[in-house]
Amino acid sequence: MATPRPSSLALITAYAAILLPLLLTSGGGVRAFSRPQSHHPNKATIPSCPPPISMPVWSLSCPIPFPTQDLSSSSMSILTFVTPVSVSSPKLWAVSLYKTSLTRCSFLGVTNRGEEYNDIPSTASSVTTTSGSAYSVRRRDSMGEAGLLPGGVDGAVGWRVTGEYRRPGSKPLGSTQGVGILQLLSPKQSKLVPILGKMPGWDGGALMKKEECAKIGHEWVAVGSDEEEEQFEVLPHCASYIQIKLKRVTAGGDHDVCIVQVTKNGVWDDVNKTVFWLEEGDQQQQPALDSTAALYSGQLRDEGII
């Protein structure tokens, strides 16, 4: 007796019973019939700023070229946005200064914390000042003007406050602005960061910073050089000292980005208690400074300072 052939419907039902479970449990089958999933993280998890990077910690010391409440002669603050931008001569660095800090205003010769430094090619105008104050300004040409950052080889132009306001017997305003010393702090100087970085320098703060540094054994020391008139106050025992001169300025949000020229490089002389300025050949012999010899912001995070 012949075996009856199964109907087409019966064959389809049998194949479906075998294949359908395989399709449902396989990744390919699910992906083929499901909505594609986005691999981008939720917007709420996207960080609003770059990840923290461990950076060298500097202090900029510069003369105050205008009278202050406490008659301080120097201002110091903490910087981490400092980097070289060229290798060949002249050696140029970029230094970012917080716009309302006394150190920034002293370095640029801006007498009020609310004033803007304007790098605009014009011959005369006035700067933006705090309410109720206005100062005349003058433009530097490519040859420099009245002692204002002479030798402008790059033809930089800029605005400078004129020197009507200064301490009796002090140099005219402009003779000490635009110069300073970058001090690379050592790992043992991390306790100076809250003093120099978190205390404002205005309204007597500059002198208070100096006194607080002295209380923890870091008295400011006056240094200079035979061939130059500038006198600076520095912290002893820093990892490195770099003397700088302002070349040009550009706006950087809540900071001013200053392009500066490196004029000297020095190390601390513990015998004579001063900065020993190196010659060109000596500088090439200096070892690289890593986190074992210089203070980095990563150490400040580990210590809970920032």
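Summary table below
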{"item": "Rounded percent of accessible protein surface that carbon and sulfur make up, the range 186-306, 1.4 Å probe", "result": "50"}
{"item": "Surface accessible to a 1.4 Å probe, Glu219 within the full protein complex, Å²", "result": "90"}
{"item": "Solvent-accessible surface ranking, highest first, for Asp256, Asp302 at 1.4 angstrom", "result": "Asp302, Asp256"}
{"item": "Amide hydrogen neighbours beyond the local backbone of Ser77, cut-off 5 Å, H modeled", "result": "Leu60"}
{"item": "Under Karplus coefficients 6.51, -1.76 and 1.60, residue-wise ³J(HN,Hα) of the range 194-208 in Hz, glycine/proline x", "result": "x, 6, 7, x, 10, 9, x, x, 6, 6, x, x, 4, 5, 5"}
{"item": "Reciprocal mean inverse distance between Cα atoms of the range 204-306 - Kirkwood radius, Å", "result": "16.3"}
{"item": "Note, ³J(HN,Hα) from phi for the range 235-241, Karplus 6.51, -1.76, 1.60, rounded to Hz, x at Gly and Pro", "result": "8, x, 6, 6, 5, 6, 10"}
{"item": "Too-long pairs where the Cα-Cα distance tops 29 Å, listed order kept, from Lys91/Lys215; Lys99/Lys247; Lys188/Lys210; Lys99/Lys245; Lys91/Lys209", "result": "Lys91/Lys215; Lys91/Lys209"}
{"item": "Amide proton proximity set for Asn265, modelled H, under 5 Å, gap of 5+", "result": "Gln243, Leu278"}
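The values are calculated or read from the model by the stated rules, or taken from the named source; none is laboratory data. Small disclaimer: the values here were computed from a predicted structure and weren't measured. Keep in mind that these areas ignore ligands, DNA and RNA; they rest on the heavy atoms of the full protein, side chains included. Shrake-Rupley method; radii C 1.70, N 1.55, O 1.52, S 1.80 Å.
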